[in-house]
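Structure first, then comments.
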Amino acid sequence: MVFFGQIYGQSLKSPNGNLEMEFSLSQAGEPTYLLNFKQQNVIKSSKLGFQIKNDSISLKDAFVVVDTKESSFDQSWVPVWGEVNSIRNHYNELLVKLKQQGTQREINIRFRLFDDGLGFRYEFPEQDHLIYFVIAEELTEFAMTGDHTAFWLPGDYDTQEYNYTKSKLSEIRGKMDSAITPISSQTPFSPTGVQTSLMLTTREGLYINLHEAALINYSTMHLNLDDKTMVFQSWLTPDANGDKGHVQAPFNTPWRTVIVSDDARDILDSKITLNLNEPSKIENTDWIKPMKYIGVWWELITGKSSWAYTNDFPSIQLGKTDYSSAKPNGTHGANTAHVKSYIDFAAEHGFDGVLVEGWNQGWEDWYGNSKDYVFDFVSSYPDFDVKEIQEYAKQKGVEMIMHHETSGSIRNYERHMDAAYQFMKDHGYNSVKSGYVGDILPRGEYHYSQWVVNHYQYALEKAAEYEIMINAHEAVRPTGISRTYPNLIANESARGTEYQAFGGSKANHVTVLPFTRLIGGPMDYTPGIFEMDISKLNPNNNSHVNSTIANQLALYLTMYSPLQMAADLPENYMRFPEAFQFIKDVAIDWDESIYLEAEPGEYVTVARKAKGTSDWFIGNVNGYDSRKTSLKLDFLEPGETYTARIYEDAKDAHYKENPQAINIRSVQVKKNSKLKLRSAPGGGFAISIIKN
Ligand code: NOJ
Ligand code: CA
């Protein structure tokens, strides 16, 4: 098939025919693609290609089609943990083999068209005329059909810890400055640069999500908008030299993804990102387990207690500084007695794990000075008795969760990694929360550049060798790699609950995250805050948590993760034992998930069936407008009765004025029942439905 103005054209349909894409070559031999959904254009004709460093001939035109191959795939696979117990991977594929006239260079482009979106990647086969090369820029375009509404984060080489801005594409430039709030390491790059996963809605009622899958050995993709033409172009993260990627053929890039539907729920339900990743490379996965945990953490974040052991030392040199002579500051959170009280609380209330931060030497002086050797990950403070805690936790049936803050000094972390992981295994730790606060060392590298992406991958693969699960904070946002390495049980890589103690987040933030950050994988969002007035914990911190208690409970459903924290202090849970019961009851691994209602920025309601049981849990998070809904429970088994325990915002609840007002009630329900519910501004509801 050849279309007007083109020298080549070929189209492909998704299995159900709703999506159709066309690949073509322009008269100049430029590869392009376009995408339609139910006959409506989603992506206009968009160019594909690369600019190679120090090369006058770019890889963007003068191509001819050497061969094409169509195929279909339809198989289901079983995730180690997940929202559902089986995932169908069903697509039609078009592989286009291209050769550049003159240079004889070869590129293949592989398109996979699913019923809910498109994935495509570049493949550089082994060849004589293109072996090693440096990418100056990837030239992939996503040409929008209009001035859509976007939920965007400032494009940044180092962080995603921003609030989302909702605006027309044409308004991004004008709103960029105010969207860039201060963060400990940040490098915005363009007045119209935004991050993926990017969520868009159109006037015609389409929902479009742009992201990437399987980001391995490549630099992170951002998008830069030409706001005259409404064309996004890929913008890769440079390294310290300004280069955007070092490639050796044969090589495949990550997949570029476009998820699309006329129903917002389908975006949340999409499994494209996971399906475009390779199957698990870990054979025995028995050691990988979902976990619900508490931790010596919120007291540190709020400033109620400290990571540091002493105030005696303005700077630390590990191995030289003598902690044994230092005066304890009296606020150190990670002391043995205090940690034991957390272990007791975890054991009493059925939590799997306890995270302890600030257990190791070096926190007196841990970031901001471009310091290489901040931590060694094995030397504990004098008041943290590793052995005693190990034995106590074991006796109580609780797992300790390790904490490795790297301060962005990744070479130092790699230098100590084997010893650090071995130390964990020797002391009963099977999972680690790692962190990358501050600018990356080696200097000049960014959190999202190729070399640093390779570090996160190295840490993940090495952890798998030690049978260790990873929850990495400040690392690159996930791209479905947890299919291949299911020991990546969570990431932060977005603005998490900690910001509620640093001045607050937008009250509808949690209605956007499922459409953006969670497209790539689970988030360690750390929900469960019951005391919204942070000055009650620390009189010097006037932050307010912009959320109701019911909203906090709902997050255990709406922010899908196999790793869930109950982040507030034990004493705050004891003030609200009835509401706390939901956190104790809620499951963390699922057989089924049904998105009941969704609109980005407004609300998300999901029902999930707990793995291996007949119990259901429902969560709703709500944005700025109060909202009434009526939920049909037609997913329940026919002929059965259930007890539904409803945790709902009280009539006068409000994320700011009255965040703790919650009504808790029980009703009997069946398959044909309807539940009438109300969510306050910044509120929501949570429901457990247990078979009688
Ligand atoms: C930032 C992380 O997001 C937070 O959870 C952690 O407590 C601090 N870094 C210290 O590592
Ligand atoms: Ca963080």
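The values are calculated or read from the model by the stated rules, or taken from the named source; none is laboratory data. These numbers were taken from a predicted model, which means no experiment stands behind them. Cβ sites come from the backbone with ideal geometry, for glycine too, and all protein chains shown count toward neighbours. Ligands, DNA and RNA are excluded from the accessible area calculation, which covers all protein heavy atoms including side chains. Shrake-Rupley method; radii C 1.70, N 1.55, O 1.52, S 1.80 Å.
Could we say that residue 279 is touching a residue at least 40 places away in the same chain (Cβ under 8 Å), closer than 26 Å to residue 387 by Cβ and surrounded by fewer than 17 Cβ atoms within 10 Å (Cβ to Cβ) here? No: the conditions fail for residue 279.
The strands (runs of 3 or more DSSP E) found wholly in the stretch 539-626 and carrying at least 2 residues that are open to solvent by 10 Å² or more (accessible area, probe 1.4 Å) and in contact (Cβ under 8 Å) with a residue 60 or more places away in the chain occupy 590-599.
On the stretch given as the stretch 633-660, residues that are touching a helix residue (DSSP H, G or I) at 6+ places or on another chain (Cβ under 8 Å) and over 19 Å from residue 602 (Cα atoms) total 3.
Condition check ((1) of a type in the set (A, V, I, L, M); (2) within 15 Å of ligand 1 (Cβ to nearest atom); (3) in contact with an Asp or Glu (Cβ under 7 Å, 6 or more places away or on another chain); (4) not assigned by TED's automatic domain parsing to the domain that holds residue 478) across all residues:
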site: 500; (1), (2), (3), (4): no, yes, no, no
site: 507; (1), (2), (3), (4): yes, no, no, no
site: 510; (1), (2), (3), (4): yes, no, no, no
site: 518; (1), (2), (3), (4): yes, no, no, no
site: 524; (1), (2), (3), (4): no, yes, yes, no
site: 547; (1), (2), (3), (4): no, no, no, no
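On the given criteria, is residue 150 of a type in the set (Gly, Ala, Ser), farther than 23 Å from residue 599 by Cβ, more than 16 Å from ligand 1 (Cβ to nearest atom) and in contact (Cβ under 8 Å) with a residue 12 or more places away in the chain? So residue 150 fails the test.
Can you tell me which residue in the stretch 484-529 is farthest from ligand 2 (Cβ to nearest atom), limited to those that are surrounded by fewer than 23 Cβ atoms within 10 Å (Cβ to Cβ) and among the aromatic types (Phe, Trp, Tyr)? The qualifying residue farthest from ligand 2 (Cβ to nearest atom) is 485.
Annotation: residue 81 fulfils all but one of (1) surrounded by 18 or more Cβ atoms within 10 Å (Cβ to Cβ); (2) part of a strand (DSSP E or B); the unmet one is (2). Among the residues of the stretch 383-400, are any within 16 Å of ligand 2 (Cβ to nearest atom), within 30 Å of residue 331 (Cβ to Cβ) and of a type in the set (Lys, Arg)? Looking through the stretch 383-400, none of the residues is within 16 Å of ligand 2 (Cβ to nearest atom), within 30 Å of residue 331 (Cβ to Cβ) and of a type in the set (Lys, Arg).
Within the bounds of the stretch 124-147, is there any residue that is under 14 Å from residue 66 (Cβ atoms), open to solvent by 10 Å² or more (accessible area, probe 1.4 Å), in contact with a strand residue (DSSP E or B) (Cβ under 6 Å, 6 or more places away or on another chain) and touching a residue at least 24 places away in the same chain (Cβ under 8 Å)? The answer is yes; a qualifying residue exists. Applying the criterion of at least 3 residues that are more than 25 Å from residue 59 (Cα to Cα) and modelled with pLDDT of 95 or more to the strands (runs of 3 or more DSSP E) found wholly in the stretch 87-204 leaves 87-100, 149-152, 165-168, 198-201. Considering (1) in contact with a Lys or Arg (Cβ under 7 Å, 6 or more places away or on another chain); (2) open to solvent by less than 10 Å² (accessible area, probe 1.4 Å); (3) closer than 16 Å to residue 558 by Cβ, the lone condition that residue 633 does not fulfil carries the number (3).
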